[in-house]
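Scroll down for the structure; my scribbles are underneath it.
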Amino acid sequence: MTLTRIIAVVSMILALSACKFKGNVETKHEEPLSPVIESLKDSGLPCFKCHSYEKYAQNKPGIFSHAKHKAFGVHCNACHIIKEHKESNVNKDACNTCHKLTTLTLATSGMPVNFSHQNHAKKAKCSDCHPGLFLMKKGSTKLTMDEMYKGSSCGACHNGKKAFASTNCARCHAKMTSFNREVSYPSKTMSAVSFSHELHTAMFKCDDCHTKLFKFKKGGSGMKMDDLYQGKFCGACHNGQSGFSVNDCQRCHK
C-alpha cells in the first residue's frame, strides 16, 4: 500500500470518528425570551442578574401589566423606588402622572359610593389591595355587602378594627336618598303596604336586616305572608314582642 493510500485511509477513519463523537454531544436548546423579558434584561437594573423575569412579564386582564407600561417607554425606575436588597417599593405618586386616581364613583346600586383612591393610597401600599382584593380595572371585581361582611374586598380592612366597619353604611353611602322614602309593596287581596325605611333605620342598624333577612333589592327576597308567620322577614321582629305581631293586619295594610 502506497503512502498516499495510507494517508487517505487514516484521514477517512479520523473523519468518521469525529462525526461519531459530535453526534454523541448533547446540545442544549434554549427557548427564546419574550420581548418583555428581553426588554427587562436590557433595562440595566441589577435585580435581574439574579431574579426571575417571568413574573414581571404577565399580561392578564385586571392585573398590572408591565408589558403595556414598557411598551409606552416607561422605565422601571419611573415607578419603583429601588435600593438593592433593601427596598423595591412602588412610588404611588407615579401612577397619578398618567392615571388621575383621585375619586372613583361606584354607582351600580341605588346608593352610589364615592371612593377616594387618593386617601387610601396615603395609608396603604398598592399591593395591600391589588390584585389580591381588587383587580386593577373599575367594575372588574364584583362587590357585594354580603362578601364585605365576611371580610372580602373592602371588608378586609373595614371590619371595625383596622377601619370603621362596613356595617356603618352612612360612612360610604353619603347620599342615601332611598333611605328617606317609603317603599310600597302591592298586594293582590289587600291594600298595599307602605314600608318606612327611614323609621326603621332610626331604630336599627343596616346589618340587623340586610342581608340576613332581606336582600338589598326590592322584591328580591320573595317575601310571603306564610313566611312572616314562621318568623321570617318582617316576622323576625314583628312577633308581638319586639314589635307588633304580623297577625295585626291593619297595622300595615291600611
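The values are calculated or read from the model by the stated rules, or taken from the named source; none is laboratory data. Here the structure is a predicted model, which means the values were calculated and not measured. Neighbour counts run over all protein chains shown; Cβ positions are idealised from the backbone, glycine included.
Residues in the stretch 239-248 that are within 17 Å of PHE204 (Cα to Cα) and surrounded by 13 or more Cβ atoms within 10 Å (Cβ to Cβ): how many? Working first, answer last.
Start the filter on the stretch 239-248 by keeping residues that are within 17 Å of PHE204 (Cα to Cα), which leaves 239, 241-244.
When the remaining residues are screened for being surrounded by 13 or more Cβ atoms within 10 Å (Cβ to Cβ), the result is 239, 243-244.
Final tally of qualifying residues: 3.
Quick one: how many residues across the stretch 193-210 are modelled with pLDDT of 85 or more and either touching a Leu at 6+ places or on another chain (Cβ under 7 Å) or of a type in the set (Gly, Ala, Ser) (or both)?
The total comes to 2.
Considering ARG251, ARG171, which residue is over 30 Å from ALA124 (Cβ atoms), surrounded by 11 or more Cβ atoms within 10 Å (Cβ to Cβ), free of Cβ contacts under 8 Å to residues at least 60 places away in the same chain and basic (Lys, Arg)?
Working: ARG171 fails: over 30 Å from ALA124 (Cβ atoms).
Going through ARG251, ARG171 in turn, just one is over 30 Å from ALA124 (Cβ atoms), surrounded by 11 or more Cβ atoms within 10 Å (Cβ to Cβ), free of Cβ contacts under 8 Å to residues at least 60 places away in the same chain and basic (Lys, Arg): ARG251.
Residue by residue through the stretch 134-184, note down the ones that are among the polar types (S, T, N, Q) and more than 14 Å from HIS210 (Cα to Cα). I'd like the intermediate steps shown before the answer.
Keep residues of the stretch 134-184 that are among the polar types (S, T, N, Q), which gives 140-141, 144, 152-153, 159, 166-168, 177-178, 180, 184.
SER140, THR141, SER152, SER153, ASN159, THR177, SER178, ASN180, SER184 - these are the residues of the stretch 134-184 that are among the polar types (S, T, N, Q) and more than 14 Å from HIS210 (Cα to Cα).
Results for (1) within 18 Å of the chain's Cα centre (by Cα); (2) at pLDDT below 80, shown as yes or no for each residue.
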{"site": "ALA71", "(1), (2)": "no, yes"}
{"site": "HIS75", "(1), (2)": "no, yes"}
{"site": "ASN91", "(1), (2)": "no, yes"}
{"site": "ALA94", "(1), (2)": "no, yes"}
{"site": "LEU104", "(1), (2)": "yes, no"}
{"site": "ASP128", "(1), (2)": "yes, no"}
{"site": "GLY139", "(1), (2)": "yes, yes"}
{"site": "LYS142", "(1), (2)": "yes, no"}
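Does PHE216 satisfy the condition of being in a loop (DSSP other than H, G, I, E, B), touching a strand residue (DSSP E or B) at 6+ places or on another chain (Cβ under 7 Å) and either surrounded by fewer than 12 Cβ atoms within 10 Å (Cβ to Cβ) or of a type outside the set (Asp, Glu) (or both)?
Values: in a loop (DSSP other than H, G, I, E, B): yes; touching a strand residue (DSSP E or B) at 6+ places or on another chain (Cβ under 7 Å): yes; either surrounded by fewer than 12 Cβ atoms within 10 Å (Cβ to Cβ) or of a type outside the set (Asp, Glu) (or both): yes.
Judged against the criteria, PHE216 is a match.
For residues in the stretch 155-192 being among the small types (Gly, Ala, Ser) and in a helix (DSSP H, G or I), which is modelled with the lowest pLDDT?
The extreme case among them is SER178.
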